[in-house]
1. Would you point out the residue of the range 414-445, among those that are touching a residue at least 24 places away in the same chain (Cβ under 8 Å) and among the β-branched types (Val, Ile, Thr), that is surrounded by the fewest Cβ atoms within 10 Å (Cβ to Cβ)?
2. Among (1) surrounded by fewer than 23 Cβ atoms within 10 Å (Cβ to Cβ); (2) within 23 Å of ALA2 (Cα to Cα); (3) touching a helix residue (DSSP H, G or I) at 6+ places or on another chain (Cβ under 9 Å), where does VAL173 come up short?
3. I'd like to verify a number: residues in the range 18-39 that are surrounded by fewer than 22 Cβ atoms within 10 Å (Cβ to Cβ) and part of a strand (DSSP E or B), how many?
4. Kindly indicate which of ALA144, ALA152, ALA166 is more than 23 Å from LYS15 (Cβ to Cβ) and either small (Gly, Ala, Ser) or out of contact with any strand residue (DSSP E or B) (no Cβ under 8 Å at 6 or more places or on another chain) (or both).
5. Could you please let me know if ILE78 is buried (at least 24 other Cβ atoms within 10 Å of the Cβ) and closer than 21 Å to ASN132 by Cβ?
6. Test GLU404 against the criterion of being surrounded by fewer than 21 Cβ atoms within 10 Å (Cβ to Cβ), assigned to a helix (DSSP H, G or I) and on the phi < 0 side of the Ramachandran plot, and give yes or no.
7. Collect the residues in the range 356-365 that are within 18 Å of the chain's Cα centre (by Cα) and either part of a strand (DSSP E or B) or surrounded by fewer than 24 Cβ atoms within 10 Å (Cβ to Cβ) (or both), keeping them in residue-number order.
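The values are calculated or read from the model by the stated rules, or taken from the named source; none is laboratory data. What you are looking at is a predicted structure, and each value in this text was computed from that prediction instead of being measured. For neighbour counting, all protein chains shown are included, and Cβ atoms are generated from backbone atoms with ideal geometry for every residue, glycine included.
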Amino acid sequence: MASVGIDAIDIWTGKLELDLAETFAPEKGEDPAKYTKGLGLYSSSLPDVYEDIVTMGANAARRLMERKDLHPQDIGRIDVATESSFDNSKPVSTYIAGCLEQVFDGDFHHANKGERKFACVSGTQSVDDAYNWIRAGRNRGRSALVIATDTALYARGDAGEATQGAGAVAMLVSEDPDLVELSPEQGYGSADETDFLKPNQQFPSVDGKRSVQVYLARMREAMEDFESVAGDIHPDDYELGPFHTPFPGMVRKAAVLAYRHIIRDTEVEDALADDIGRQPRPEAFDTEEEHLDAISEYTDRLKDTEQYRDWYERVIKPTLTISRHVGNWYTGSVHVARAGGLKWARENGRELTGKRLLVGSYGSGAQAEIHAETVQPGWTEEIADLNVDEQLNGRRGLSFEEYEQIHDVHNHAEDADVEAFTTPEREFVFDGWGRMGERKYRFVE
C-alpha cells in the first residue's frame, strides 16, 4: 500500500501583532522577561476586524490549493478542527468550502465535510481521520484537506491573556506525500479532566497550574502507550520533536520529561549515572509519593546536564521558532511547531530526508497523542514555499489601546464598531450577516 501523510502545508496568521515585551508588559506593570523568558513568547498574532476562523482557514487553504494546482474535484473531504466555532450545528468546513468555491472552478458537493472537537488535539485527530480514510481505500484517489483554525482569546485580565493568538494551518493529506509520512503506530494518554473548558461561553475557564500537570501526565501516558506498539525508542531516533505549544515555556517542561523517559534503560542513562545517578525505580520506594519526589529531584538534575541541553537545542528548540512570535493557535499549535522545525532545518542546511519526527499533540479535557513521522524527499521544496516570514513581518503592530479595541471586536458580548487596521488584498473577508443570522464572506481582489 502507498504511504500516506502530509503532502503540503500552508499557514495564515492574523494580520495584527501585539508585542508582549514593548506593549503588553508595560501596561501590566510586569517585567518583559516574564513573557520573553518565562512564557517564551515575544508577540501574539491577532485577527483584524474582517478576519475570523473562516477567513483564516479559507485563506490558508486557498493558498495551498493554488500552490499545488489543485481543484475541488481533487479533494474528497474537508475537515476543520477548531475550539472557536460559532455554530453548534453547521460546521466551519461548509463555510470554508463556500469561500473556496468563489475562486476555484467546480464545487465540493461530493466532498465529505465535518468539524472536530477535542480542544487542541483535534487538529491531529482530523489528520488521523484523513489518514484512516485513505488507508481504508475510500478516497477514490482524492486527497483530504485538513484545516486547524482558531482565534484563541482570553478574557482581559485572565492569566492566559499573554498567550493569545490567531491563525490557521491548512494541510493536504494524500498518498505518496511530499512532506512527511505518518506512522501507523500511535500512543494515547486520556482521562476525564477539568483543566480548561468553554461551557457555552467564548472565553475559556482555565486552571493554569492544573492544566500544566494534566498536560505532562497525559503526555507521559501517551509516550508509554506509543512504546508499547512501536517498541523501545532512543534519543537518536528522532531529529525533531514538535510538541503542542500553547507557549514555549510549557514545552520546556514537557521536553525534559520526554527525554527522561526516552533515555531510560539506554546507554545514555548509564553514561549519566556517575554524575546524577540512575532514574529512580518504583520498586525501590515504600510509597508512590517518595518515588515521585525522587523522580522530581532526578529530573531537576537531568535538565542541567550537557547531554540534555544538547538534545533540547537540536530536537526541540527549532520547533519553537514560529510559535514564539504568534502565540497559541489551539488546534494548530503542534502543526505550527512542525512547520517551524522543518523551516529551521531547511534554512540551516540540515538534511532530514528519511529522518523521523516524534510528534506530541495534546488537548485539554484531556488527551495526548504521540506518533512518528518520516520526512520525505520533497520536504525542502514544500517548506520553501511557505511565506510565513513575509506574513509575520507584514503584521500591523498594535498599541495597547488598539489591542483593547480589537479584543472588543472579537468579544461576542461586545458590540464594538471599529475600523479595520489593515487593508485586505487577495483574501477572504467577513462580509456581514445573512437573513438567518449566518456569517457571510467574500473574496477581495
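1. Looking at residues that are touching a residue at least 24 places away in the same chain (Cβ under 8 Å) and among the β-branched types (Val, Ile, Thr), I get VAL418.
2. Failing condition for VAL173: (1).
3. 1
4. Details: ALA152 fails: more than 23 Å from LYS15 (Cβ to Cβ); ALA166 fails: more than 23 Å from LYS15 (Cβ to Cβ).
Unique residue meeting the criteria: ALA144.
5. Working: buried (at least 24 other Cβ atoms within 10 Å of the Cβ): yes; closer than 21 Å to ASN132 by Cβ: yes.
For ILE78, the condition - buried (at least 24 other Cβ atoms within 10 Å of the Cβ) and closer than 21 Å to ASN132 by Cβ - is met.
6. On the way: surrounded by fewer than 21 Cβ atoms within 10 Å (Cβ to Cβ): yes; assigned to a helix (DSSP H, G or I): yes; on the phi < 0 side of the Ramachandran plot: yes.
Considered against the rule, which asks whether it is surrounded by fewer than 21 Cβ atoms within 10 Å (Cβ to Cβ), assigned to a helix (DSSP H, G or I) and on the phi < 0 side of the Ramachandran plot, GLU404 comes out as yes.
7. LEU357, LEU358, VAL359, GLY360, SER361, TYR362, GLY363, GLY365
Residues are listed down the side, and each one gets a yes or a no for (1) out of contact with any helix residue (DSSP H, G or I) (no Cβ under 6 Å at 6 or more places or on another chain); (2) on the phi > 0 side of the Ramachandran plot:
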| site | (1), (2) |
| --- | --- |
| SER3 | yes, no |
| LYS15 | yes, no |
| LEU20 | no, no |
| GLY40 | no, yes |
| ALA60 | yes, no |
| GLU66 | yes, no |
| SER84 | no, no |
| ASN88 | yes, no |
